[in-house]
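S.K.: Handing you this structure, nothing more for now.
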2 protein chains.
Amino acid sequence: MNEEMVKQEAEKKGITAKKAENFSEWYTQLIEKTEFVDYTAVSGCLAFRPDAYFVWETVQREIDAAFKRLGIANVYFPTLIPEHLLEKEKEHVEGFSPEVAWVTHTGKSKLDERLAVRPTSETIMYENFAKWIRSWRDLPMRLNQWNSVLRWEFKHPTPLFRTREFLWNEGHTVFSSRTEADAERDEILGIYQRVLKDYMALPGITGRKTDSEKFAGAEASYSIEHLVPDGWTMQGPDFHSDGQRFSKAFGIEFINKEGKKEFAYQNTFAFSTRELGAMIAMHGDDKGLILPPHVARIQVVIVPIYSNENKESVLKEAKALRDRVSKSARVYLDDSDAYSPGWKFNDWELKGVPLRIEIGERDIKAGKVVTVRRDTSEKRDVRLGDIEKETTDLLGEIHDNLYKRAVKFLEENIHEVKTYAELKKIVEGKRGGIAQAGWCGSAECEAKAKEETGAKITNMPFGAQDKAKGRKCVVCGESAKFMANFARSY
Amino acid sequence: MNEEMVKQEAEKKGITAKKAENFSEWYTQLIEKTEFVDYTAVSGCLAFRPDAYFVWETVQREIDAAFKRLGIANVYFPTLIPEHLLEKEKEHVEGFSPEVAWVTHTGKSKLDERLAVRPTSETIMYENFAKWIRSWRDLPMRLNQWNSVLRWEFKHPTPLFRTREFLWNEGHTVFSSRTEADAERDEILGIYQRVLKDYMALPGITGRKTDSEKFAGAEASYSIEHLVPDGWTMQGPDFHSDGQRFSKAFGIEFINKEGKKEFAYQNTFAFSTRELGAMIAMHGDDKGLILPPHVARIQVVIVPIYSNENKESVLKEAKALRDRVSKSARVYLDDSDAYSPGWKFNDWELKGVPLRIEIGERDIKAGKVVTVRRDTSEKRDVRLGDIEKETTDLLGEIHDNLYKRAVKFLEENIHEVKTYAELKKIVEGKRGGIAQAGWCGSAECEAKAKEETGAKITNMPFGAQDKAKGRKCVVCGESAKFMANFARSY
């Protein structure tokens, strides 16, 4: 192949849509061309390929370690839930049953009772919790499971943002007092925020959900909300205070220190693979994915540049380089003969490998290599002797830069508004974003805004509540109780 | 409570059946009383409680790390499989469809096509593999997933040994030649054997399955077989050479180095939570579970012995002891006031914690503690200054002893037999065990033995094939081709 053909093939293979101009088409191409995930024979359910699953394994390991430090232990409950259990908590079943996949037959036999493929596990777990908990000595009981859940949504699913099956953690904790239960909220949301920041380079807005947006069955829900580059928001990890709702429905009682029976206080919380959608949408660019270094399966790709004459000597140096760099990073040496260096550059950029190292004969003679950052395209000559330290530093810089860019984007697109007209202008505008405004707290005003503008209240950010004082509700003009973030949402 | 009442309560709570006399009742009590697993609202599906899930997490981490060193990457595919895909490989669908749980409805809608809850993932994965693989450069492709599978068996399920849902790894690898594919077998079985030995303290018999016992769709299957203390066997981890069967059914073709299209060669392999059943059955005793130290969530329990007078000073020392021991082991200090030391001893023995440390005022004055091994009940005075090293050593000794005992049991119960009468005597006897004998290789002889004695050929052990030469088939008397292990099997 000549240079021109290489270029043509790379372009066909590469992303052709512009993120800034047509986000939706760009995101679709990102999904279809980067080998990160793939569609499967089941509509709305994805295959997670190695690069995507590696991201998940990494954040899972970090969250899991943090949970264990808090004394949260892992368990596993069945995938299937008998219908009568799902119905025990009224709001819960109403929230989930429209999306439940039902098992009705096994082999050639019809089941006496339908079994739901779990959309979430409260009901199957709490039946056992009621048996396991007897006295205050059994509490707190802090359990978690890592599994997959299925929610057969009927609107068109967006890959990763909204897929019918996703992987998650579901924490289910039981306490003997509301105070103890409430104290868990900031611990868990703090872990989620830290892992989002330190691994996925993602910021988010933490706050309380409104009553109409809370989890089916919870007393109160809290979320971390992401802003997607098209100006829509996506709900990230969440935490739910269930109070005594499920414990009353499932009979989770304990003998307290005074010897009296009392219903327990419960929380649930989750972090899911939907974050992978927020992550690739946020960081990717017109060349493809940009994987944050700490979650990249391949952090560094080495591309040797050689001719037939010097192939052997260049590859020898490239292998020595790989061995050195592999001490401090996950590295891949692309020594395939099938493609030109230019083709390889494009291919690894498409796949989002954070750092490329080029090594050719001239470099070797000069005792150096060339590093190329995926996030900024910045090229740097690095002395061979410095390459280990420099790689570590560069990966750290890339992570920091991705996070900084994401924070900047988020901050620039939160607009404090005072009038309904301003709110409409923001959330209905092409650029979208978050309109932050006073809200009286009434479900009517919330519904009216949603009906008229398509924007819901994503949450009431903890960090902005001070500003509610003295404000008016952006919808009805009555006195505001909360600062609320209005946005169109996935 | 006085001593007598403590004893009575502990006995009620404890295991009352004798393992040697009534294994089945003993195993049932082990499941029901040790808080390791629990029954759930779904018949035949268990909840894995923290101690059980910890075992699984630990072996999963080890296997996963070994896979990654071989270049096997993790992926995740959907839980549901469309019926038409499941039907693509004839033997495969015949093997699994009697046990498949079918999703027929989602929400209130009937699906156009039924979806199987995965009993195994070949069919959903290989549809994508066919798209991903183009040329020899894409091979080998070695993928794995960690998930749960559902097989709705209709015979009475035995907890852990045979449950309808279990967790496992399913490895799915694709090669460009049969030689490369075959070379994987010993790598994978070697990893499984090592993890069984080093973590679960379990030996097994590795060999080839007969054609009638192989995996549905495979060309050849290999297994590690365990001997359960009641003399029945249980199939452990397995490895399947699929040859080109699935690649032909799913169109997994590649352009080889000669530029010609060829069907790929595939393997699959699995290690499941059924191992937890083999493990607790093998090591447990009449006092309850005995967890091998490397997979025990709590490796050491410290039980302080104090009166009202010296409580404070003893607890202070016990806490200092915990902090020291926690540097080298997972330790729990049971400082609850609710129960006597004797009650606690019984309770932690029931739960199988490998090592107990007792500390009381006299011990403290003498500068020592008392260690009690769960496996042998051996008590030892240990100087406080030596406790860290001694704990590590003792945990190592306990592991080694459990493994040695299990190997001894296995070896003592493999009986080389020459006649059909001897075979019957072994496999039909109360003590059971494995009858190892020559076999001509015919399915008729295999079926006849199974029909008449209830024993199937578990596998043809690699280590015994030398002995086949010159032997006769134990069933028909013709010349033997293989040495085969006959046993009743879970």
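S.K.: Go over the candidates A:Glu113, A:Glu127, A:Glu165 one by one and state the one that is at pLDDT 95 or above, among the charged types (D, E, K, R) and surrounded by fewer than 20 Cβ atoms within 10 Å (Cβ to Cβ).
M.R.: Sole residue among the options that is at pLDDT 95 or above, among the charged types (D, E, K, R) and surrounded by fewer than 20 Cβ atoms within 10 Å (Cβ to Cβ): A:Glu113.
S.K.: Now a separate question. Tell me, yes or no, whether segment B:132-145 has at least one residue that is surrounded by 23 or more Cβ atoms within 10 Å (Cβ to Cβ), in contact (Cβ under 8 Å) with a residue 60 or more places away in the chain and under 21 Å from the mean Cα position of the chain (by Cα).
M.R.: Within segment B:132-145, one or more residues are surrounded by 23 or more Cβ atoms within 10 Å (Cβ to Cβ), in contact (Cβ under 8 Å) with a residue 60 or more places away in the chain and under 21 Å from the mean Cα position of the chain (by Cα).
S.K.: Continuing with this model, one more query. Listed residues A:Glu184, A:Glu153; which is crowded, with 19+ Cβ neighbours inside 10 Å and in contact (Cβ under 8 Å) with a residue 12 or more places away in the chain?
M.R.: A:Glu184
S.K.: Okay, moving on. Would you confirm whether any residue within segment B:176-184 is more than 7 Å from chain A (Cβ to nearest Cβ) and not in a helix (DSSP H, G or I)?
M.R.: yes
S.K.: Wholly within segment B:208-327, which helices (runs of 4 or more DSSP H) include no fewer than the required count, namely at least 1 residues that are within 30 Å of B:His172 (Cα to Cα)?
M.R.: Once the helices (runs of 4 or more DSSP H) in segment B:208-327 are filtered for at least 1 residues that are within 30 Å of B:His172 (Cα to Cα), what remains is B:245-250, B:274-283.
S.K.: With the condition kept exactly as written, say whether any residue in segment B:332-355 is of a type outside the set (A, V, I, L, M), surrounded by fewer than 18 Cβ atoms within 10 Å (Cβ to Cβ) and in a helix (DSSP H, G or I).
M.R.: Within segment B:332-355, one or more residues are of a type outside the set (A, V, I, L, M), surrounded by fewer than 18 Cβ atoms within 10 Å (Cβ to Cβ) and in a helix (DSSP H, G or I).
S.K.: Restricted to segment B:102-124, and to residues that are hydrophobic (A, V, I, L, M, F, W, C) and touching a helix residue (DSSP H, G or I) at 6+ places or on another chain (Cβ under 9 Å), which residue is farthest from A:Glu113 (Cα to Cα)?
M.R.: Restricting to residues being hydrophobic (A, V, I, L, M, F, W, C) and touching a helix residue (DSSP H, G or I) at 6+ places or on another chain (Cβ under 9 Å), the top hit is B:Ile124.
S.K.: For segment A:405-440, which residues satisfy the criterion of being surrounded by fewer than 17 Cβ atoms within 10 Å (Cβ to Cβ) and more than 20 Å from the chain's Cα centre (by Cα)?
M.R.: Those that are surrounded by fewer than 17 Cβ atoms within 10 Å (Cβ to Cβ) and more than 20 Å from the chain's Cα centre (by Cα): A:Glu412, A:Glu416, A:Lys418, A:Thr419, A:Ala421, A:Glu422, A:Lys425, A:Glu428, A:Gly429, A:Lys430, A:Arg431.
S.K.: Would segment B:56-75 turn up any residue that is over 30 Å from A:Lys68 (Cβ atoms) and either outside the structural domain of B:Ser148 (by TED's automatic domain parsing) or surrounded by 17 or more Cβ atoms within 10 Å (Cβ to Cβ) (or both)?
M.R.: No, every residue in segment B:56-75 fails to be over 30 Å from A:Lys68 (Cβ atoms) and either outside the structural domain of B:Ser148 (by TED's automatic domain parsing) or surrounded by 17 or more Cβ atoms within 10 Å (Cβ to Cβ) (or both).
S.K.: Determine if segment B:399-422 includes at least one residue that is touching a Phe, Trp or Tyr at 6+ places or on another chain (Cβ under 8 Å) and not in a helix (DSSP H, G or I).
M.R.: No, there is no match, as no residue in segment B:399-422 is touching a Phe, Trp or Tyr at 6+ places or on another chain (Cβ under 8 Å) and not in a helix (DSSP H, G or I).
S.K.: For A:Arg373, are the conditions met, namely being of a type outside the set (Gly, Ala, Ser), under 19 Å from A:Lys19 (Cβ atoms) and over 22 Å from the mean Cα position of the chain (by Cα)?
M.R.: Considered against the rule, which asks whether it is of a type outside the set (Gly, Ala, Ser), under 19 Å from A:Lys19 (Cβ atoms) and over 22 Å from the mean Cα position of the chain (by Cα), A:Arg373 comes out as yes.
S.K.: Identify all residues within segment A:266-311 that are among the acidic types (Asp, Glu) and surrounded by fewer than 24 Cβ atoms within 10 Å (Cβ to Cβ); write none if there are none.
M.R.: Residues satisfying the conditions are A:Asp285, A:Asp286, A:Glu309.
S.K.: For segment A:202-218, give me each residue that is among the charged types (D, E, K, R) and either touching a Phe, Trp or Tyr at 6+ places or on another chain (Cβ under 7 Å) or closer than 16 Å to A:Ala270 by Cβ (or both).
M.R.: A:Arg208, A:Lys209, A:Glu213, A:Lys214
S.K.: Counting just the residues of segment B:85-114 that are of a type in the set (S, T, N, Q) and either more than 7 Å from chain A (Cβ to nearest Cβ) or within 30 Å of the chain's Cα centre (by Cα) (or both), which one comes out farthest from B:Glu165 (Cα to Cα)?
M.R.: The selected residue is B:Ser109.
S.K.: Oh, and also: If you go through segment A:52-84, how many residues are touching a residue at least 24 places away in the same chain (Cβ under 8 Å), of a type outside the set (Val, Ile, Thr) and at the interface with another protein chain (Cβ under 9 Å from one of its Cβ atoms)?
M.R.: Residues in segment A:52-84 being touching a residue at least 24 places away in the same chain (Cβ under 8 Å), of a type outside the set (Val, Ile, Thr) and at the interface with another protein chain (Cβ under 9 Å from one of its Cβ atoms): 12 in total.
The values are calculated or read from the model by the stated rules, or taken from the named source; none is laboratory data. What you see is a predicted model; the values in this text were computed from it and never measured. Cβ sites come from the backbone with ideal geometry, for glycine too, and all protein chains shown count toward neighbours.
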